Amino acid sequence: MKRIVTDMPEKGQSSGLSLRVRGDDIPAALLFLILICVVIEGVLTAGDFNVFGTARLRHLAYEMGGFWPGLLQDWKSNYPSQPVLMFFTYGFLHGGLLHLAVNMFTLYSLGRAVIDRVGQLRFLVLYLGTVLGGAWGFGMLADTLQPMVGASGALFGLAGALISWNYVDRFIFHRRLWPIVRVVIYLILLNIVLWYVMGGQLAWQTHLGGFVAGWVLAMIIDPRGRKADA
């Protein structure tokens, strides 16, 4: 199997359907995204251990749903719409249970904050937009023959959106901007450390593309300033 490049990193009132678990309301949109990723990785992990299907199931999933930069050039696709669909399907595949766990925990934390501000529908629009932005960043900047999988392009997009809103809130109400700069520096350092630890197999290009997309989309979805903490 080919080596896989993973992208592991990693207020308004919420509205819409939610599921109560142990006294906590989990928004349906957030639960839906998490379940999709968990079910897919569960099936692939079962295939890895020959519980059912074949051990090549993961390899097949990456071939069909991973993001392959070569398909933007002269590579032959496995099916006609693959060069388009891969801009979204890669975000629902992961490189294993650890990769999945880190991303889903982060998705839950950031997703709740975004939904609290703009609600579930605009959260989904933002999420899908940052999945696309992460793929665009990887496709434009990566120089690799390997496929890329993982949700953290979108996760960096959600982080970018929250930082963008925080920046606007602080700027409009004349609050200190240093906390914004500090978080951005932390994210840059996090990517550098993870890239080194993972031997260069970190898709930082996806993180960058997702972050930029999240920042821009946040300004379109909710450009209003709200009173920020000191």
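At-a-glance table
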| read-out | value |
| --- | --- |
| So residue 193, is it modelled with pLDDT of 95 or more and of a type outside the set (Gly, Ala, Ser) | yes |
| Out of 106, 144, sole residue that is outside any helix (DSSP H, G or I) and either among the polar types (S, T, N, Q) or crowded, with 18+ Cβ neighbours inside 10 Å (or both) | 144 |
| Single residue of 55, 135, 113 found to be surrounded by fewer than 20 Cβ atoms within 10 Å (Cβ to Cβ) and assigned to a helix (DSSP H, G or I) | 113 |
| Residue match in region 89-103 (condition: under 29 Å from residue 47 (Cα atoms), at pLDDT 95 or above, among the hydrophobic types (A, V, I, L, M, F, W, C) and touching an Asp or Glu at 6+ places or on another chain (Cβ under 6 Å)) | yes |
| Given (1) more than 19 Å from the chain's Cα centre (by Cα); (2) at pLDDT 95 or above; (3) farther than 11 Å from residue 149 by Cα, number of the condition residue 63 does not satisfy | (3) |
| First in region 44-58 and acidic (Asp, Glu), second anywhere and not in a loop (DSSP other than H, G, I, E, B), Cβ under 7 Å, 6 or more apart | 48/58 |
| Inter-residue pairs, beta-carbon under 7 Å, first more than 15 Å from residue 61 (Cβ to Cβ) and in region 90-104, second assigned to a helix (DSSP H, G or I), 6+ apart | 103/152; 103/155; 104/34; 104/37; 104/38 |
| Unmet requirement for residue 31, which otherwise passes all of (1) assigned to a helix (DSSP H, G or I); (2) within 24 Å of residue 145 (Cα to Cα) | (2) |
| Among the candidates 225, 157, residue that is over 29 Å from residue 96 (Cβ atoms) and either in a helix (DSSP H, G or I) or open to solvent by less than 80 Å² (accessible area, probe 1.4 Å) (or both) | 225 |
| Qualifying residues in region 98-153 (those that are hydrophobic (A, V, I, L, M, F, W, C) and over 16 Å from the mean Cα position of the chain (by Cα)) - the one nearest to residue 68 (Cα to Cα) | 145 |
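The values are calculated or read from the model by the stated rules, or taken from the named source; none is laboratory data. The structure presented is a predicted model; accordingly, all values stated were derived computationally and were not measured. With ideal geometry, Cβ positions are generated from the backbone for all residues, glycine too; neighbour counts draw on all protein chains shown. All accessible areas refer to the heavy atoms of the entire protein, side chains included, with ligands and DNA or RNA removed. Shrake-Rupley method; radii C 1.70, N 1.55, O 1.52, S 1.80 Å.
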